[in-house]
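Working notes, beginning with the structure itself.
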Amino acid sequence: MKVRLMVAVAVLAAAARGGVWLMTESYRHPTAWEYEVVTMNLLQGRGFVFDYLGIPYRSYHPPLFDWLSVVVYTLVGHHQAAILVMQGLFTCLLAALTVHLTQRVTGSLGCGVAAGGLVATHPGLLYYDTHHLHPLSFGALLFAVIIWAALRWSSTRRLRDAAWLGASVALAMHERGTAGLFLLPAIV
């Protein structure tokens, strides 16, 4: 039952994004910021570079989203809509994980479905997932994975689960340095 509801919430997230794409045709010309510039420079062999006012910055922002974009463009060609789909998939996973986390913390599957539904239809995530090439949903998913790993480790106290927690924090810190702040409370 829980897995079906998690899938249903993920489908709701996908349907909301698909509806916005169809109504606005935002997938045709999404706003592409420095993430796209760095991704194209990586694909063209120039490296992790962002030029601003004639100055090449080689460490302009976190690298994970750009590297994921490189993988997507390598697989499907330079279609910006594919990045929007990737971002939408991140939110679908986030919405499903929210159902699980909320149910685990509150003990109520109904609360989990409500929370997952709110994530699936959150206006900010919906707007960024459908109009901008931006790692907002990816960062949110990474934070949720940290919470999942912390809850898992706190209930099992197994070394493997501690390793999952450490790995999830380390991965998230590559995208958002503030993710490191989650580690100490998780341990406590």
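Here, each number is a calculation from the coordinates, and none is a lab measurement. Small disclaimer: the values here were computed from a predicted structure and weren't measured. We place every Cβ from the backbone using ideal geometry, glycine too, and count neighbours over all the protein chains shown.
Relative contact order of the stretch 1-85: 23 percent, from C-alpha pairs under 8 Å at least 6 residues apart in sequence. The mean sequence distance of close C-alpha pairs (under 8 Å, at least 6 residues apart), as a share of the length of the chain, puts its relative contact order at 26 percent.
A simple packing score, the average count of other Cβ atoms within 10 Å per residue, orders the peptides 51-61, 148-158 as 148-158, 51-61, with the highest score first. Restricting to DSSP loop positions (anything but H, G, I, E, B) with no more than 12 other Cβ atoms inside 10 Å of their own Cβ, which trypsin sites (Lys or Arg not before Pro) remain in the stretch 2-31? For trypsin sites (Lys or Arg not before Pro) across the stretch 2-31 that sit outside H, G, I, E and B with at most 12 neighbouring Cβ atoms in 10 Å, the list reads Arg28.
Please state the shape class of the stretch 17-73: rounded when a/c is under 1.5, otherwise prolate if a/b exceeds b/c and oblate if not, all from the C-alpha gyration tensor. Because a/c hits 1.5 or more and a/b exceeds b/c, the stretch 17-73 counts as prolate. Shape of the stretch 89-188 from its Cα gyration tensor (a ≥ b ≥ c, root eigenvalues): rounded if a/c is under 1.5, otherwise prolate when a/b > b/c, or oblate? Cα axes put the stretch 89-188 in the oblate bin. Sorted largest first, the spans of the alpha carbon positions of the stretch 145-188 along the three principal axes are 27, 17, 13 Å.
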